[in-house]
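The values are calculated or read from the model by the stated rules, or taken from the named source; none is laboratory data. These numbers come from a predicted model, not from an experiment. When we count neighbours, we look across all protein chains shown, and the Cβ atoms used for this are built from the backbone with ideal geometry, even at glycine.
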Amino acid sequence: NAGVTQTPKFRILKIGQSMTLQCTQDMNHNYMYWYRQDPGMGLKLIYYSVGAGITDKGEVPNGYNVSRSTTEDFPLRLELAAPSQTSVYFCASSPGQGLSPLHFGNGTRLTVT
Amino acid sequence: DAKTTQPNSMESNEEEPVHLPCNHSTISGTDYIHWYRQLPSQGPEYVIHGLTSNVNNRMASLAIAEDRKSSTLILHRATLRDAAVYYCILINAGGTSYGKLTFGQGTILTVHP
């Protein structure tokens, strides 16, 4: 059972470039989330989804876009990369809201120079 | 949202018990107390959660104060693999948080051989 899989593991972007961070889960979870973690800090929620076709903004959505066309996939899009987006990005999923534990991927480390 | 306060760091020796405190003086009646931990270069991992009563599972125990304004995560015998950042998080089961987690900086646990 793979759980939550994120690709790529590492990426270096130049300012202004675009990229998509991929996230796939095989647990048939309805809820999926994108967090970012800056060095020495906790995680901040970027976007989340409560099911296919439904997405909503989290705490720090500016500069990012998401889509949820299937239950399994929740890609995160960076359109015009900026140095402030240098961070580690974590995708997570859960079967339901509230009390259900989140299952996290191992992250994508992104550097924008 | 109710906030939590944790010590920045704690140290323990291998095979000794560890008590990780968390203060949440503004907790509401429908807030559940969750603990996650994050090992180096990995995504956060669910540890345990509870509402009012103490809870035990294979990983740890959770002791909740009678007034619920504080809680303690107990690792009964610390191992080197328990060295991680531990996050105490409140989740409102009755709200519209959709499982969104608010991560603070957590407690860095160092385990000495």
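Quick notes on this one:
- Flag if B:Val111 is touching a strand residue (DSSP E or B) at 6+ places or on another chain (Cβ under 7 Å), hydrophobic (A, V, I, L, M, F, W, C), part of a strand (DSSP E or B) and within 11 Å of another protein chain (Cβ to nearest Cβ): no
- For region B:21-70, the strands (runs of 3 or more DSSP E) that sit wholly inside it and include 3 or more residues that are among the hydrophobic types (A, V, I, L, M, F, W, C) and more than 10 Å from chain A (Cβ to nearest Cβ) are B:61-64.
- Condition broken by A:Lys9, with the remaining ones in (1) buried (at least 19 other Cβ atoms within 10 Å of the Cβ); (2) over 18 Å from A:Gly96 (Cα atoms) satisfied: (1)
- The listed residue being closer than 17 Å to B:Thr4 by Cα, touching a strand residue (DSSP E or B) at 6+ places or on another chain (Cβ under 9 Å) and among the charged types (D, E, K, R), out of B:Asp31, B:Asp67: B:Asp31
- Options A:Arg68, A:Arg36; residue that is basic (Lys, Arg) and within 11 Å of the chain's Cα centre (by Cα): A:Arg36
- In region B:42-55, the residues that are touching a residue at least 24 places away in the same chain (Cβ under 8 Å) reach residues that are of a type in the set (A, V, I, L, M) with C-beta atoms within less than 6 angstrom, at least six apart or across chains, in these pairs: B:Val47/B:Met59; B:Val47/B:Ala60; B:Ile48/B:Val55; B:Ile48/B:Ala60; B:Ile48/B:Leu62.
- Members of region B:9-20 that are assigned to a loop (DSSP other than H, G, I, E, B) and either within 13 Å of the chain's Cα centre (by Cα) or closer than 20 Å to B:Asn54 by Cβ (or both): B:Pro17
- Any chance A:Tyr48 is modelled with pLDDT under 95 and within 12 Å of the chain's Cα centre (by Cα): yes
- For region B:32-45, the set of residues classified as among the aromatic types (Phe, Trp, Tyr) and within 18 Å of A:Trp34 (Cβ to Cβ) consists of B:Tyr36 only.
- Residues that are in a loop (DSSP other than H, G, I, E, B) and within 11 Å of chain A (Cβ to nearest Cβ) within region B:71-96 comprise B:Ala93, B:Gly94, B:Gly95, B:Thr96, listed in sequence order.
- In the condition set (1) basic (Lys, Arg); (2) surrounded by 15 or more Cβ atoms within 10 Å (Cβ to Cβ); (3) away from chain B (no Cβ under 13 Å), A:Lys14 is compliant with all but (2).
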